[in-house]
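Enquirer: One structure, as structure tokens, below. Some questions next.
No value in this document is a laboratory result; all are computed from the given coordinates. Quick caveat: nothing in here was measured; it's all calculated off a predicted structure. Positions of Cβ are backbone-derived with ideal geometry, glycine not excepted, and every protein chain shown enters the neighbour counts.
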């Protein structure tokens, strides 16, 4: 059975509401790209108001999950066949960057859940019916560390066991999308994905983190669960995109996009959006601020001006490069062109470097913020913690992707295990 978690109400906060049963929910609207951005812009300030409460819960509040669901944003990349908007990567990432202005943790969870609806749409029709047939709002969290899971083939499917870390958004999910190593009759183990429903997984309330504190990225455990063949897929087929079952079901090229190539952008949009918000908020706050000790307007101090210039340049360069790359990926797939390994490594290098630039932006601002920037009620300290936490994710870690790109550039084989 799934672990039942009790989250205490923070001092001065309101009890978190329970999720409404699927039968009691009103179907959310299908959105255009413009409507999706408008919804994100309206929601972002409310996310900022709930950010401290979310951190105290260590997960995204149910009120926020309900709002994202009712707005239609959670179904942004879901197939239209099941009520989704079927919008592309560019729109989704623009929405993520906008939500990051309010709360990076919420944007992180949203980006995971919304993109997983796209991934489920890449499976065959029966798998999609299993997930959304009774509840079109159903969401899935992921455990993508293949060595953490083991699967063995049995009649009709697989038996899967394992314990995966970092199941961001699992509190809002009724499905898990996990990777495991599967023994083959001949040759080495195969990397394979599995869709597993409740009550066949349980999660542990063990996410205690300095940054991205409200993502609820708990460990998830599965013990000898049977997964039918139609709810599994080879990681190599999934990574390539063009031969996944969903690509044959739907005309929208979204469902034939190479998944691992897009993975870094799904996460990178959060630090880039958070850095942009931090620079804008810091600059606005400094316009009227006076030094506590001298009374001099802080805006007139040359070092502060220089720090704002450097931080804004970092955020702008980061956004420009990753936006160009994800649009290049999406446009190529629409034309039927798929990236080679060298291109994927370049894109991943750029996403990691953009994340490094985002961290540099916030690190540049913090010394100029003074003690006020350390106040736990100030957004800057949370943005500082969240950006450093995001940069620690393996998909965004500069050391990993710099080495992989350098190896390829020098004619060497990139290290094994990268999601390419």
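Enquirer: Can you put 405, 265 in order of Cβ neighbours within 10 angstrom, beginning with the fewest?
Expert: 405, 265
Enquirer: Could you tell me how many degrees, from 0 to 90 and to the nearest 10, lie between the Cα long axis of helix 104-120 and the main elongation axis, the longest principal axis, of the Cα atoms of the chain?
Expert: Roughly 20 degrees between the two axes.
Enquirer: What is the angle, in °, between the Cα long axis of helix 398-409 and the longest principal axis of the Cα atoms in the chain? Nearest 10 is fine, range 0 to 90.
Expert: Once rounded, the angle reads 60 degrees.
Enquirer: Summing -39500 (n - 2.57) over the DSSP H runs of n ≥ 4 in the chain and dividing by its residue number, what mean residue ellipticity at 222 nm do you reach, to the nearest 500 deg cm²/dmol?
Expert: Mean residue ellipticity, 222 nm, calculated: -15500 deg cm²/dmol.
Enquirer: Quick one: 343, 259, fewest Cβ neighbours within 10 Å first, how do they rank?
Expert: Ranking 343, 259 by Cβ neighbours within 10 Å, fewest first, gives 343, 259.
Enquirer: Suppose R0 equals 30 Å; then what is the FRET efficiency for residue 236 and residue 24 from their Cβ-Cβ distance, rounded to the nearest 0.05?
Expert: Here the calculated transfer efficiency is 0.15.
Enquirer: Please order 270, 362 by the number of other Cβ within 10 Å, starting at the fewest.
Expert: 362, 270
Enquirer: With each label point set 7 Å from Cα along the Cα-Cβ vector, what nm distance links residue 49 and residue 394?
Expert: 4.0
Enquirer: Same structure, new question: Which residues does the label zone of residue 407 cover in the range 321-345, counting backbone N under 13 Å from a point 7 Å along Cα→Cβ?
Expert: 345
Enquirer: What shape does the range 34-172 take by its C-alpha gyration tensor, where a ≥ b ≥ c are the square roots of the eigenvalues and a/c under 1.5 counts as rounded, a/b above b/c as prolate, and the rest as oblate?
Expert: Here the range 34-172 falls in the oblate category.
Enquirer: Another question about this same structure. Give me P(r) over the range 99-142, computed from all C-alpha to C-alpha distances, binned every 5 Å, as integer percentages.
Expert: Calculated P(r), rounded to whole percents: 5, 22, 26, 20, 12, 9, 5, 1.
Enquirer: Taking the chain as the reference, fit the longest principal axis to its C-alpha atoms, fit the long axis of helix 33-57 to the helix C-alpha atoms, and give the angle between the two in degrees, 0 to 90, nearest 10.
Expert: Approximately 80 degrees, to the nearest 10.
Enquirer: What base-10 log of the normalised intensity I(q)/I(0) is obtained for the range 258-409 from the Debye formula, alpha carbons as equal point scatterers, at q = 0.21 Å⁻¹?
Expert: The computed values of log10 I(q)/I(0) come out as -1.20.
Enquirer: So if each residue of separation counts as 0.36 nm, and I subtract the Cα-Cα distance between residue 376 and residue 248, what length gain in nm does that give?
Expert: Once the chain is fully extended between residue 376 and residue 248, it gains 41.0 nm.
Enquirer: Compute a Gaussian network model of the chain, connecting alpha carbons closer than 10 Å, and tell me which residue from 77, 181, 97 fluctuates the most.
Expert: 181
Enquirer: Let me ask you something else. Could you tell me the ratio Rg/Rh of the chain? Both radii from Cα atoms, Rh via Kirkwood.
Expert: Checking Rg against Rh, the ratio lands at 0.97.
Enquirer: Rounded, prolate or oblate: which fits the range 140-235, taking a ≥ b ≥ c as square roots of the Cα gyration tensor eigenvalues, rounded meaning a/c under 1.5, else prolate when a/b beats b/c?
Expert: Cα axes put the range 140-235 in the prolate bin.
Enquirer: For the range 202-313, build the convex hull from the C-alpha positions and give me its volume per residue in Å³.
Expert: 181
Enquirer: Separate question: With label points built 7 Å along Cα→Cβ from the Cα atoms of residue 301 and residue 198, find their separation and express it in nm.
Expert: So the two model labels end up 5.0 nm from each other.
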